[in-house]
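Following: one structure in structure tokens, then a few remarks.
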Amino acid sequence: FRNWDRIPSFGAGLPERPDLSGRAGLNDNSFRGVLEFRLDGGKMIVINELPLEDYMKGIAEEPESDDIPQEKRKVIAVLARSYALHYLISGYEKFPDKPYTAADSPKIFQKYLGYGFEQRAPKWLEAIEETSGEVVTVEKDGKQHVLRAAYFSCTDGERTKSATEVWAENEYFQKFSEIFQSVPDPLGDDPKRSGSEACGHQVGLSGYGATQKAKVGESYRDIILDYYQGVEVRRFSPR
């Protein structure tokens, strides 16, 4: 797995990737695996090459807060792994003609902070271990496909949106449109962000809705099946 990191330099005390907690002297400039420095379009980039499960340990899309149920972390672990693996094996390229498969920005791929986050996130590591290798799959045309598992922050408490409503021109989401249907999301309205456009694209899994479902006792597998139609959660096999 080859992840592009937007870091011009790395090492203890450097300010380019500050620790998101704001604590002085901490940063996220340490990584597992191999760091490869390249010129790309006249700019230096750093590629972190490492196994997928090690990459997953550095995904920082769920806080360590006690307010987040562990089943919700498992949901995001499975979805984030599915999203990353999809781009490794499906033939759909996120960054065609580039020397990397992923990027560290949530605006274009996933929020990846590397080993620094891993050291601060024991609950996330537990979720990764308990769902090791698990992804969302769908059978279509006689094949098992790893889902490009779209997810977002919250809804207005009424429903998610279908892929056809939001991404009508997207080849992938139209091919799998039966998976990404609009579903009721009565628990998905985050009162702290009510009416906010920052809640995301609305397709797939509602993050706030998933949190509330986990709080009332739903398992991570059941939560995933609530939001995606006709899928399975299964351990990935290279075969």
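One table, with the values for the structure above:
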read-out: Unit charges at the beta carbon, dipole of the chain: most positive-side option, Tyr220, Ser182, Gln110; value: Gln110
read-out: Sorted peptide list for 72-84, 35-47, 134-146, 173-185, criterion being average Cβ within 10 angstrom, highest first; value: 72-84, 173-185, 134-146, 35-47
read-out: Mean accessible surface per residue for region 81-217, computed with a 1.4 Å probe while every protein chain stays in place, in Å²; value: 48
read-out: Difference of contour (0.36 nm per residue) and Cα-Cα distance, Gln119 to Phe95; value: 5.7 nm
read-out: Cα-centred dipole magnitude for the chain, charges only on beta-carbon of K, R (+1) and D, E (-1), debye, nearest 20; value: 400
read-out: Region 95-208, accessible surface, carbon-and-sulfur percent (1.4 angstrom probe); value: 47
read-out: Simple label model, 7 Å out from Cα along Cβ direction - Val34 to Glu126, nm; value: 3.5
read-out: Extended-chain gain in nm, criterion 0.36 nm per residue less alpha-carbon gap, Leu52 and Gln174; value: 41.2 nm
read-out: Difference of contour (0.36 nm per residue) and Cα-Cα distance, Lys107 to Thr164; value: 18.4 nm
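The values are calculated or read from the model by the stated rules, or taken from the named source; none is laboratory data. Quick caveat: nothing in here was measured; it's all calculated off a predicted structure. Every residue, glycine among them, receives a Cβ derived from its backbone with ideal geometry; neighbour counts consider all protein chains shown. Heads up: the accessible areas ignore ligands, DNA and RNA and are worked out on the full protein's heavy atoms, side chains in. Shrake-Rupley method; radii C 1.70, N 1.55, O 1.52, S 1.80 Å.
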